[in-house]
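Worksheet for the structure shown next.
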Amino acid sequence: MASLTKILVIGLKPSLKVWITFPYSKSDPSSVPQLAWQFVPVQRTVNPVLAFSKGDTVHFLLVKKEETGTIHVIKQRQLHVSCDIISLCWINSRTLVLVDSHEKLQVVDRPSQEVLETLDLEQVQLVYNSRHFKSLATGGNVSQALALVGEKACYQSVSSYAGQIIYLGTKSAHIMTLRAWRERIDCLLKLEHFPEALSLAWSFHEGTAKAVVGLFGDPVKRKGVVADKMVEMIFQFADFALKKCPEQGKIQVLEQHFHEVVPVLVDYCLLLKRLDLLFNQLYPQLVENMVAKGIFLESLESYIIADRLGHLPTPVMKDLLMHYQSSCMMESLERCIVHLDITSLDIQQVVQVCWENQLYDAVIYVFNRGMNDYTTPMEVSARPSRDVEVVMGNKLLVYISCCLAGRAYPLGDIPEDLVVQVKHQVFEFLIRRHSADSSEEEEVFPFIRTLLHFDTREFLNVLAMTFEDFKNDKQALEYQQRIVDILLQVMVDNPDFTPSQVGGLFTFLARQLAKPDNTLFVNRKLFDQVLEFLCCPDDDSRHTERQQVLLELLQVGSVVQFNEERLLMLAEKAKFYQICEFLYEKQHLYDRIIDCYLRDPLRKGEVFSYIHNLLSMPGYSPEEKQSVMDKVRQHMHELVIFDPNKSADLVTFHFAEEVQQIISELQVESETILDGQHSGPVLLLQPELHELQLDLLSRFDPKHILNFLQTSQHYRLEEAVQITQKYHHNKATAFLLEKRGDVEGAFAVLLEVLKLRDLQYMDINDEEETLTNVKDSLSDIISLCHQSSQSLNQQQREVLLYLFLIFDPVYGKGKLAEIQSLILGMLDTFNYEQTLLETTTSLLNHDLHWSLAHLRAAVTRGIHPRQDCCNICLQQYKRRQDAAAADEIIVFSCGHLYHLQCLQQKDSGWGFTSDVQQQWSCYKCSSSKGGRAASADSRGRSLSLAQGFVEVTLDHQQEQSWDQLRCLYRGPSRVTDTDRNVFYISYI
């Protein structure tokens, strides 16, 4: 029965008292709520927070008191630690200090429940137990649960007051308190951990640090105080870095040193928004070291690209240009320029550097932002006198697209008051009739020509995206019509442009004309000219390209209307079969599409898929499908020649009822139709067709005959046998005869094959292939006998045996009874020898196992030395626990012990060295017996059985024990007498 303990907690509010009840069992120590009565008020606010511990868990309770006086726990959280908690104290409203059963002090942040620090209290020697747990009134008679709690009770040994915790030890009292924020920073500075100190200070600045003591609650005051401290730390870090930098060694060492310092200084200066500190004080200090200067300038790149640093002082910008140019970091320089404030740049210097190094993005950015000039970059880049570079050409197309869309290049937006002006400038640039420095040979509209020659399709795409925004801008619509007229004037009837380029232009025009709000005017006769141009039958160049262009033009829609009859005639002359297919599809003339596929050498193989899809998919009328089927029947001869297998699949799927008629029409090609049939669906065809295929296979593909006979079930056996006999396919004939039930006939056929191959082997002795054929024939005969043995009676079996022995001339004239007795005798001899072999093998295995088991038992037996001294020097050996370097000794099975060094010094021959290890025998036993080392044979055997062990001979007493053991466990062992003296011991 569980008892109840009532705990009173006072102090949350002057009028607030809380009774908490905890049940526990006297017989179950783990049920006791340890330290449950140590509720501590945390925040003296409307909703206080309580904390108590039980076992290895700290419970946080958020308590709320209603106006009626009712108290509710509105929120509860738990913190788990690795050990049982024996003490819990608050050091301030946000920080909790725990002591676990291992006397480890843990500082816990209450909001995040994170353990901030751990401290060992072993030196404190904390005082445990109290008068309460002794139960003096009952003579010390307490329950197991209360006794367990008493072992860890230290309630009176821990007390907290005014941000301090006092721990009572056996010899002294210890006061624990949190360091102030400055002390925590100074502690890291003393250790010269400047990055960690700055990181900690920044957490104080942002209010994210935990267990903070000594800072203002007001964020403004807090940030001001911490910022001043951080500035002081930055100067200290810079001085330390310059004084402690390596003066000798490789340049990489110096670079590594400043890479660990300079980016940290830059980062915290920018975080504090102290550009004056960064450029007016730190930079002049770092300039004294060239390595530090370069790393400083390179560190600015990431902040400039992230738009955290947009303005640089003029001297710094000048140094940045020179450093990046001398270090060949031009891409990084370009990325920086396009993010910097234009007022911080020396425009003349930047433009010169950018043109020299082909930094086109930077050039465009400087002209646009610095001078509001949006045309000069295009004029310089698209000069008619030179070919446009690939990189610059792509950038130029993107730039034009951005300008016409109101976006700045390479990033941002054009100011709203300049958007219309920029569009007009770009359009005026494109429609210029001549360039500024034009010559007499220059063609009209040079800039549009240059862009068209660079990438016609992309330039037209740029124009198409631009025209999407032209709705209410009358001036822009005029520019649109003007550009279209120029494109037609420049590209039509101009041999400089390929059919693909001209076709792309008219596809672009057709799409523009198809828009519902179109205002463009294009002479429709131009489309007829394009049609004549693309379908010219005398021009075989770019055939596929011209056809694709015309197809795209037709797929645009109903804007471009051609005379379909004329178009079809031109397409047939030009061999544009995809165009013909497009027109036939539009007119539902699906049967004529088959002719398009068959005439097109590039797509002829797709005709089977087209036919299958059309005949299988819904959406086509019966008349349309029938016309396609008639067309297929008409071209079946051509389809079979092109791909027999696909033709067979097509026939079996869609012409199953007409197979007989199709085969009759095909005549010679019929074998290819049926050849693909065995891999497709099985059809219930007439037997004549299966027999026809068997005949064709016998003539043209004999290796697939057996597979066909095994899978097909619709041929007639008699006719099939006649076919295979006609073409002398004996193996197939034997299969059919066996299937018919004529096992003797099948046996005779296979036997005849064996005879023929045997004769071939006798004639050609060197032919391995002939020998293999003989073996295969013999295997076929044996397989037939196995398969048919269950269904044959004794007489039939004797007939087969007699037929086989006729094959040997020795037995060909004998009687069957004589032959039968010979064979039965051979079988009896075989059974006897097989039984004898199995029995002998079993006995040998048993004997070998018995010998190895006893040998292993002897080898693995432990050895105990008889005395603690060496039998040569009579000195005791040093054990491992007695000295740092123990003596290396050898113990033999007889119990005698020797120093390894003593044995090596005795030149008596009982030790020898091999490639594997040094082998020894007992000096004392060998001397008493007058013998020397064990024989080489025994050593060899022992080495092969147990690698890594030392062999010795047995003394007289051990030999007697060995003989008794042999008599006791006597068995069919083959262990020799020379083996019994060999035992194995290991080094100790």
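The values are calculated or read from the model by the stated rules, or taken from the named source; none is laboratory data. Values in this document were obtained by computation on a predicted structure and should not be read as measured data. Using ideal geometry, Cβ is built from the backbone for each residue, glycine included, and neighbour counts are taken over all protein chains shown. Keep in mind that these areas ignore ligands, DNA and RNA; they rest on the heavy atoms of the full protein, side chains included. Shrake-Rupley method; radii C 1.70, N 1.55, O 1.52, S 1.80 Å.
So the values come out like this:
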quantity: Residues satisfying the stated conditions in the stretch 146-181, i.e. at pLDDT below 75, closer than 17 Å to Glu103 by Cα and of a type in the set (A, V, I, L, M); calculated: Leu148, Val149, Ala153
quantity: Pairs where the first residue, in the stretch 451-471, is not assigned by the TED database to the domain that holds Pro516 and the second is assigned to a loop (DSSP other than H, G, I, E, B) and among the hydrophobic types (A, V, I, L, M, F, W, C), C-beta under 7 Å, 6+ apart; calculated: Leu451/Ala382; Phe454/Val388
quantity: Answer from Tyr374, Tyr365 - the residue that is under 21 Å from Gln421 (Cβ atoms) and in a helix (DSSP H, G or I); calculated: Tyr365
quantity: Any hit, the stretch 300-315, residues being touching a residue at least 24 places away in the same chain (Cβ under 8 Å) and among the small types (Gly, Ala, Ser); calculated: yes
quantity: Whichever residue in the stretch 183-217 is part of a helix (DSSP H, G or I) and of a type in the set (Gly, Ala, Ser) and, among such residues, is nearest to Glu114 (Cα to Cα); calculated: Ser203
quantity: Residue match in the stretch 550-569 (condition: under 28 Å from Leu639 (Cβ atoms), at pLDDT below 85 and assigned to a helix (DSSP H, G or I)); calculated: yes
quantity: Total residues in the stretch 350-359, condition open to solvent by less than 50 Å² (accessible area, probe 1.4 Å) and outside any loop (DSSP other than H, G, I, E, B); calculated: 4
quantity: Scope the stretch 247-264; condition open to solvent by less than 50 Å² (accessible area, probe 1.4 Å) and closer than 21 Å to Ser332 by Cα; matching residues; calculated: Phe258, Val262, Pro263, Val264
quantity: Among residues of the stretch 728-751, those that are in a loop (DSSP other than H, G, I, E, B) and open to solvent by 50 Å² or more (accessible area, probe 1.4 Å), counted; calculated: 3
quantity: Yes/no for Val398 being out of contact with any strand residue (DSSP E or B) (no Cβ under 9 Å at 6 or more places or on another chain), under 26 Å from Gln489 (Cα atoms) and either in a loop (DSSP other than H, G, I, E, B) or open to solvent by 70 Å² or more (accessible area, probe 1.4 Å) (or both); calculated: yes
